[in-house]
1. Starting from residues that are more than 16 Å from ligand 1 (Cβ to nearest atom) and in contact with a helix residue (DSSP H, G or I) (Cβ under 9 Å, 6 or more places away or on another chain), keep the ones in region 71-91 and report whichever is farthest from residue 30 (Cα to Cα).
2. Just to be sure I understand, how many residues within region 94-112 are part of a loop (DSSP other than H, G, I, E, B) and either over 13 Å from the mean Cα position of the chain (by Cα) or without any contact (Cβ under 8 Å) to a residue 40 or more places away in the chain (or both)?
3. Could you please give the count of residues in region 14-45 that are touching a residue at least 24 places away in the same chain (Cβ under 8 Å), part of a loop (DSSP other than H, G, I, E, B) and over 13 Å from residue 98 (Cβ atoms)?
4. Out of 63, 4, I need the residue that is part of a loop (DSSP other than H, G, I, E, B), surrounded by 19 or more Cβ atoms within 10 Å (Cβ to Cβ), touching a residue at least 24 places away in the same chain (Cβ under 8 Å) and within 16 Å of ligand 1 (Cβ to nearest atom). Which one?
Ligand SMILES: [Zn+2]
Ligand SMILES: [Zn+2]
């Protein structure tokens, strides 16, 4: 699969027995439909996060194209306070997370999510610090 942002070939990583597509160039992550739910271990948190998805058809950010069907993806807010913005295929092929966003979404839920630990191990703990630059 090719990255919807920078068109590089993505690599498949296994996170907690879920296969994800990861772009080594921009550190974005693609999840097929249903995979986010698999990564959220706690059912209550899972429902809370998934039900907080809020489509924003007017969002000015440039849309990416779905790596599967090539349609323009929708901008979707996540979180009760619309903390995060991710991209979702209109045909529900899956979800796109820019660098650090998957961890941010998982952090909205269960704070002890094992997947967050795995992401930290894989990519380092500085994923939160997207705009921090190199010191
Ligand atoms: Zn990329
Ligand atoms: Zn699609």
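1. Taking region 71-91 as the starting set, the residues that turn out to be more than 16 Å from ligand 1 (Cβ to nearest atom) are 71-72, 74-85, 88-91.
With in contact with a helix residue (DSSP H, G or I) (Cβ under 9 Å, 6 or more places away or on another chain) added as a condition, the list becomes 78-80, 83-85.
Working: 78: 16, 79: 19, 80: 23, 83: 19, 84: 16, 85: 14 Å.
Among those residues, the one meeting the criterion is 80.
2. We begin by selecting, within region 94-112, every residue part of a loop (DSSP other than H, G, I, E, B); these are 98-100, 109-112.
Now drop any that are not either over 13 Å from the mean Cα position of the chain (by Cα) or without any contact (Cβ under 8 Å) to a residue 40 or more places away in the chain (or both), which leaves 109-112.
Matching residues across region 94-112 total 4.
3. Residues meeting the conditions: 5.
4. Numbers: 63 fails: surrounded by 19 or more Cβ atoms within 10 Å (Cβ to Cβ).
From the options 63, 4, the qualifying one is 4.
Residue by residue, here is whether (1) within 16 Å of ligand 2 (Cβ to nearest atom); (2) surrounded by 15 or more Cβ atoms within 10 Å (Cβ to Cβ); (3) closer than 19 Å to residue 77 by Cβ holds:
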| residue | (1), (2), (3) |
| --- | --- |
| 19 | no, no, no |
| 27 | no, yes, no |
| 32 | yes, yes, no |
| 35 | yes, yes, no |
| 44 | no, no, no |
| 57 | no, no, yes |
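Read the figures in this text as sums done on the coordinates, not as results from a lab. Keep in mind it's a predicted model, so treat the numbers as computed, not measured. Reconstructed Cβ throughout: ideal geometry from the backbone, glycine too, with neighbour counts over all protein chains shown.
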